Every structure is written in structure tokens, then in C-alpha cells.
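Following: one structure in C-alpha cells, then a few remarks.
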Amino acid sequence: MTAPAPVALAGAPTARRRRPRGSASPGRTVVKVIAGVVIALVFVAPYLIMLVGSFKSRNNILAVPPTYLPEQWHPENYLTMWSTPETPLPYNLISTIVISVFATALVLLVCVPAAYYTARFRFPGRGIFLFLVVVTQMLQPTVLATGLFKEMVALGINDTWLAMILVNAAFNLAFAIWIMHSFFAGVPKEVDEAAQLDGAGKWTVLFRVQLPLVWPGIVTAIIYTFVASWNEFAASLVILSTDANQPLSVALTKFVGQYDAAWQYVFAVSVVAVIPVVVLFMLIEKRLVGGLTAGSVK
Amino acid sequence: MTSTAEATQAGTATGRPRRGASPKPTGGSDLLHAVPWTLPALILIFGVVLFPAGYMIYNSTRKISIAGVDHGSVGLQNYLTVLSRPELPGILLNTLVWVVSVVVITVVVSLALAQFLDKNFPGRRWVRMAIIVPWAASVVMTTTVFVYGLDPFYGIINKFLVDIHLLAEPFGFTKEPVPAFISSIGIAVFVSLPFTTYTILAGLAGIPGDMLEAAKVDGASAFRSYFSVTLPNLRNAIALATLINIINVFNSLPILKLMTGSIPGYKADTTTTYVFKLLQNEQRIDLSSALSVINFLIVLVVVGLYLWIVKPMKEVS
């Protein structure tokens with residue numbers, strides 16, 4: 001129930017419960033490994049279809065009956081996809097990157113101080129502040145999309161990157177505050193006090209003493225926000241109306257539902273978009289749950 | 001590794017002027033000291049979360065033309081208009097079926113998956129990594145694979161199902177509302193499993209090992225010890241995963257939009273996809289606001305349940 005739950009949650013207890021007894025027979029281990037391989041295959045199967053499909057020619061991918069593997073491998077799809085008529089993909093990629101990077105930067109700017117202060121100090125309204133954060137965490141742009149759209153129109157920033165940077169930052173702020181809050185709370189107070197005795201102010205303590213200690217929490221917040229912004233769909237769909245401004249998630253839907261679908265490009269773009277975020281998520285695998293659940297899994 | 005922290009440090013430091021220290025140094029109020037630290041987050045929460053919610057409620061009581069011009073207040077007329085639409089009862093039923101089936105199947109499958117992944121076997125880490133992939137990948141992109149794969153003519157999943165003799169011939173999963181809706185439930189379960197499994201794994205890790213040992217010593221069968229020791233200890237993790245999933249699944253747009261969007265009519269719509277149809281196909285901001293407000297209230301009820309059952313605030317107070 002103590003605060004540094006995210007770190008302890010995934011790593012330590014499993015290690016403690018690992019009972020290296022000789023009772024597990026080799027036969028059962030083999031069964032488990034086979035089951036593990038099957039489960040892993042099921043979870044990556046759609047992405048294998050995606051990867052293999054991205055190398056097929058247009059005729060091959062629309063062939064009836066379909067073939068599992070490409071008749072001929074077409075790696076050049078990864079080059080020609082940038083100039084398809086359906087959507088200006090280079091711009092879509094730039095939009096996705098700009099929105100995700102700036103939303104992540106904004107989240108850091110806003111959440112590091114808030115997480116540190118609420119983890120370290122008691123002040124009137126602290127409970128209300130954290131309550132608002134919890135409620136925000138449970139809300140999503142989808143349910144507020146109509147309101148967000150009208151607000152951005154009223155502000156004159158609909159169909160701009162800025163609007164989506166603000167939306168992504170606001171809706172990922174809760175995760176970032178929780179995960180960093182629990183990391184800050186996990187640093188012994190004596191560390192702060194020692195620095196304060198040396199005459200350091202609160203901001204100095206935060207930047208010089210705390211940040212180097214809690215960097216795993218910060219990296220987790222950065223990656224989570226980046227990935228969530230990268231994949232955001234509903235708000236972008238209504239707020240960004242110009243083709244070139246739309247992120248990849250929205251741009252891709254242009255290929256689907258039409259009779260003449262360029263699936264090989266859909267998949268090539270998806271592979272390019274999916275690989276980086278999968279790698280990033282794997283890096284923070286052990287800490288993902290902590291930020292999503294405010295450390296309350298027990 | 002430290003360079004990440006230092007980069008952040010420098011960036012943040014230059015970006016934030018230390019305003020709060022100057023205004024009233026003698027006041028000494030704790031609240032005032034907290035302002036510079038928490039105000040930016042509050043501005044973002046109020047400006048981009050709470051304000052649009054309020055603005056949406058306001059718009060739901062206005063008559064707004066297709067061009068976006070406000071023609072004044074109409075009271076609750078928009079709500080009455082939306083609720084009396086002939087397709088609405090079906091959409092409400094779909095929403096209920098959608099949320100309940102996706103969440104129940106997800107939680108049950110995740111319980112089994114987590115139980116398996118909690119055991120030791122060579123390569124367990126790789127299986128856990130594989131399960132993360134649908135979590136990280138864009139739901140839009142994951143769904144496009146299924147839209148393609150389930151096509152009756154060129155779909156590769158259809159071909160696979162025929163090749164392993166599960167189907168006699170390719171089936172048009174995406175062509176009719178009911179099969180498309182059921183297939184969408186499957187996709188929604190698929191993308192919800194990673195988070196749910198990881199949450200339950202975290203819960204399993206929190207059960208003291210000696211508790212299960214004790215049950216074993218007492219002669220409890222594996223079945224018995226699962227239901228009387230493991231499951232009760234997972235109560236919080238399951239409650240949490242269920243509530244977060246209810247919200248995610250209720251709010252889910254891309255799966256149904258891609259899988260059933262090209263099917264005419266509203267037979268495969270939930271209230272969430274219906275909002276976007278009202279907004280994008282009919283350009284009715286007033287009606288979609290009214291329905292969004294109803295959705296928002298439903299979400300708030302779930303949030304209330306979350307606060308009441310899971311008590312996330314207990315951790316920090």
C-alpha cells in the first residue's frame with residue numbers, strides 16, 4: 001500500500017515468489033513452453049500479417065484466393081507509399097511526430113513540478129487537486145470530442161497542431177503525475193533535508209537532487225505520453241480537418257472502407273508507425289501498470 | 001541514463017519562470033506556495049478537460065445550424081430529439097452488449113493468461129513482451145489488419161480459418177451488421193487483454209507466497225486454492241481492471257468505425273460511434289453534444305464507482 005508501488009509491483013514480488021523447487025517435471029515445462037509460444041504467436045499474429053502484407057504488390061494483396069506469403073517481395077512499397085494519392089503521408093508523419101513530441105514536452109513541464117510538490121508537501125486543496133487528476137485520468141478525449149471541437153473552433157485553433165498538443169497533454173497528464181508522484185514519494189525525505197541544510201531551495205532540490213533519482217518514473221511518463229499521443233484517434237478525427245494536418249492514425253482510415261484499397265501501403269505505414277512505439281512500451285513494461293492504476297493494485 | 005534526467009532538468013528549468021516566489025512572501029500561506037507548482041496542471045485540466053465538458057453541456061441546450069451558427073436556447077429539446085430517434089433503442093442495446101461482453105470476456109481470459117504467465121517457464125519474459133504489442137500499437141492499425149484479414153475474398157484470416165477447417169468457405173464477417181459487430185467484440189477483447197493481464201499479474205505478484213503454500217499444506221486442491229485464496233486476493237486488481245476497461249470499451253471508436261462504418265444504417269453502432277456519425281455525417285453539433293453529455297454522465301457514474309470501490313485516493317492521503 002505504500003507509495004513506491006510501481007517499482008515493487010512488477011519486479012520484486014515475482015522474484016521473491018520464484019520458488020526454484022525441483023518439482024516441476026521436464027514434461028510440464030515443455031507443455032508450458034509450447035503454450036507460451038502459442039500465446040505469443042496469437043498476440044503478434046496481426047502484426048505479422050501487417051509485416052508480410054506490406055511487402056506484397058497491389059495485385060497480390062487483393063488476389064482471390066489470397067496467398068500467405070508475397071509472390072514477390074516488394075520492399076519498394078516502403079518508398080512509394082510516401083507519394084500515394086489517398087493522403088499526403090510525409091505530412092501525416094510530420095504531424096504525428098510534432099504533436100507527440102510537443103505534447104510530451106508539455107506534459108513534463110506541467111507534471112514534474114505538480115508530482116513533486118504533491119508527493120512532498122501537504123497544502124490546502126492537495127486532496128482536491130489529486131481528485132481532479134484521478135477524474136481526468138478516467139476521462140478520454142472521445143467522450144469530450146464534441147466539446148473539444150467547439151472549444152477549438154471558438155478559440156480559432158481548430159485544425160492546428162497546437163489544439164492536438166493541448167488535448168494530448170491534458171489527457172495524459174494524469175498518468176504522468178501518478179507515476180512520478182509515486183517515484184518522488186519513494187525517495188526518502190532525508191535526501192531533501194540534507195540538500196536543504198546545504199541551503200538549496202525547493203526548485204534546486206527538485207532539479208539537482210530529485211530528478212537524477214526518479215528518472216525511471218520520468219522516462220515512463222515520457223514514453224507513455226508519447227505513445228498515447230502517437231496513437232490518438234478520436235479527437236484528431238474531429239479537430240484536424242485538413243489532410244496534411246492529420247496524424248497517421250487518422251490518415252490511415254482513408255484507405256479503409258473504399259472499394260479500391262491499397263492495403264500494402266496501409267500495412268507499410270502501420271509497420272513504420274507501430275515498431276517504434278512497441279519498442280518504447282517494452283522498455284517501460286514493468287512500470288506501465290503503476291501509472292495507470294495509481295499504485296492501487298494490491 | 002542520467003543524461004535523460006539532466007536534459008529534462010535543463011529544459012524544464014528554463015521553461016518555467018519562478019513566479020510564485022515573488023507575489024506575497026510574507027503571507028506564508030501553504031496554498032500560495034503550492035500555486036506555482038500545481039497551477040500549470042490545473043490550467044490544463046480546467047482548460048482542456050473541464051471547460052469542454054461544460055461547453056458541451058451548454059451546446060447541448062442550443063440550436064446550432066449545420067454551419068455552426070448558434071440560433072439560441074432550445075432547453076432540453078436536443079435531448080428529446082436524440083432520445084426519440086427510431087435507431088436509439090437498438091443503439092442503447094448494442095452499447096450494453098458491447099461493453100458487457102467485451103469486458104467480461106477480457107477479464108475472464110486475462111485471469112487465465114495472468115495465471116499462466118505467473119508461472120515460471122523458459123521464455124516467459126518473451127511471452128510477456130509479445131502480449132505488450134497490441135497495447136502499444138495503434139488500435140486503428142491493429143483493426144485495419146482485421147478488416148483486411150476478415151474480407152471474404154482476399155482476407156487472409158478467412159483463408160486461414162478455411163485451411164484449418166474451422167470454416168467450410170470464407171465468410172463475410174465485415175459485410176453484415178451482426179457478424180461485423182461480433183467480430184468487433186473479438187478485436188476489442190484482443191486489444192484490451194494486455195492491460196488487463198498486466199494489471200492482474202501485478203495483483204498476483206502481491207499475493208504472499210506463503211498464503212498459497214499454507215493452502216497447499218492444508219491439502220487444498222489447485223482448484224480450491226485458486227478460488228478461496230487467489231481470487232479473493234485479486235479482488236482489487238479485478239475491480240480496477242474492470243472499471244478502467246468499462247470506460248475504455250465504452251469510449252472505443254476506431255474498432256467499430258473501421259469494421260462497421262461502411263455498413264449503412266445504425267445496426268452496429270454504440271452511443272460513442274453514433275455521436276461521431278451525428279457529428280461527421282449529419283453535422284449536428286447540438287444533437288451530438290446532447291448525446292455526448294449523456295455518455296459523459298455514464299462515464300462519470302463509472303468514475304464514481306471506481307472512486308468508491310477501488311479507492312485510488314487512499315494511496316495518497
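Remarks
- The combined condition, being assigned to a helix (DSSP H, G or I) and under 21 Å from A:Ala45 (Cβ atoms), is not fulfilled by A:Val219.
- Taken as a whole, the condition of being in contact with a Phe, Trp or Tyr (Cβ under 9 Å, 6 or more places away or on another chain), assigned to a helix (DSSP H, G or I) and either free of Cβ contacts under 8 Å to residues at least 60 places away in the same chain or surrounded by 14 or more Cβ atoms within 10 Å (Cβ to Cβ) (or both) does not apply to B:Ile105.
- Top-ranked residue of region A:196-243 - restricted to ones that are over 13 Å from the mean Cα position of the chain (by Cα) and of a type in the set (S, T, N, Q), ranked as farthest from A:Ile165 (Cα to Cα): A:Gln196
- Any hit, region B:123-130, residues being over 30 Å from B:Pro232 (Cα atoms) and either in the same structural domain as B:Tyr226 (by TED's automatic domain parsing) or under 25 Å from the mean Cα position of the chain (by Cα) (or both): no
- In the condition set (1) within 11 Å of chain B (Cβ to nearest Cβ); (2) assigned to a helix (DSSP H, G or I); (3) out of contact with any Pro (no Cβ under 9 Å at 6 or more places or on another chain); (4) at pLDDT below 90, A:Ala185 is compliant with all but (3).
- Residues that are within 14 Å of B:Leu256 (Cα to Cα) and either basic (Lys, Arg) or not in a helix (DSSP H, G or I) (or both), drawn from region B:151-183: B:Phe173, B:Thr174, B:Lys175, B:Glu176
- Remark: pairs (first residue in region B:251-266, within 8 Å of chain A (Cβ to nearest Cβ); second residue in a loop (DSSP other than H, G, I, E, B); Cβ separation under 7 Å; 6+ apart in sequence or on different chains) = B:Asn251/A:Gln140; B:Leu253/A:Phe233; B:Pro254/A:Phe233; B:Leu258/A:Val256; B:Gly261/A:Gly257; B:Ser262/A:Gly257.
- Only one of B:Gly68, B:Gly72 that is in a loop (DSSP other than H, G, I, E, B), outside the structural domain of B:Asn251 (by TED's automatic domain parsing) and not aromatic (Phe, Trp, Tyr): B:Gly68
Quick grid of which residues meet (1) farther than 20 Å from B:Met141 by Cβ; (2) at pLDDT below 90; (3) over 25 Å from the mean Cα position of the chain (by Cα):
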| site | (1), (2), (3) |
| --- | --- |
| A:Phe55 | no, no, yes |
| A:Leu69 | yes, no, yes |
| A:Trp73 | yes, no, yes |
| A:Glu76 | yes, no, yes |
| A:Thr84 | no, yes, yes |
| A:Thr87 | no, yes, no |
| A:Thr96 | no, no, no |
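- Looking only at region B:39-72, residues that are in contact with a Gly (Cβ under 9 Å, 6 or more places away or on another chain) and among the acidic types (Asp, Glu) come to 0 in all.
- Test: residue in region A:124-134 that is assigned to a helix (DSSP H, G or I), in contact with a Lys or Arg (Cβ under 9 Å, 6 or more places away or on another chain) and within 11 Å of chain B (Cβ to nearest Cβ): no
- Verdict on B:Ile309 being surrounded by fewer than 18 Cβ atoms within 10 Å (Cβ to Cβ) and of a type outside the set (Phe, Trp, Tyr): yes
- The lone criterion from (1) in a helix (DSSP H, G or I); (2) in contact (Cβ under 8 Å) with a residue 40 or more places away in the chain; (3) not assigned by TED's automatic domain parsing to the domain that holds B:Phe276 left unmet by B:Lys63 is number (1).
- Region A:135-181: number of residues that are outside any helix (DSSP H, G or I), within 7 Å of chain B (Cβ to nearest Cβ) and either more than 18 Å from the chain's Cα centre (by Cα) or touching a residue at least 60 places away in the same chain (Cβ under 8 Å) (or both): 1
- Checked against (1) of a type outside the set (S, T, N, Q); (2) part of a helix (DSSP H, G or I); (3) surrounded by fewer than 23 Cβ atoms within 10 Å (Cβ to Cβ), A:Asp260 meets all criteria but (2).
- Residues being surrounded by fewer than 17 Cβ atoms within 10 Å (Cβ to Cβ) and either without any contact (Cβ under 8 Å) to a residue 24 or more places away in the chain or small (Gly, Ala, Ser) (or both) - total across region B:148-179: 12
- Residue check, A:Ile218 within 16 Å of A:Ser182 (Cβ to Cβ), modelled with pLDDT of 90 or more and either among the acidic types (Asp, Glu) or surrounded by fewer than 21 Cβ atoms within 10 Å (Cβ to Cβ) (or both): no
- All conditions in (1) free of Cβ contacts under 8 Å to residues at least 60 places away in the same chain; (2) at the interface with another protein chain (Cβ under 10 Å from one of its Cβ atoms); (3) farther than 30 Å from B:Gly203 by Cβ hold for B:Ala290, with the sole exception of (1).
- Test set (1) more than 10 Å from every other protein chain (Cβ to nearest Cβ); (2) over 26 Å from A:Val153 (Cβ atoms); (3) part of a helix (DSSP H, G or I) - B:Tyr274 fails condition number: (2)
- Any hit, region A:85-103, residues being in contact with a Gly (Cβ under 9 Å, 6 or more places away or on another chain) and either small (Gly, Ala, Ser) or in a helix (DSSP H, G or I) (or both): no
- Among the residues making up region A:222-240, a single one is more than 10 Å from chain B (Cβ to nearest Cβ) and not in a helix (DSSP H, G or I): A:Leu240.
The values are calculated or read from the model by the stated rules, or taken from the named source; none is laboratory data. Owing to the predicted nature of the structure, the values given are computational and were not obtained by experimental measurement. All Cβ positions, glycine included, derive from the backbone under ideal geometry; neighbour counts span all protein chains shown.
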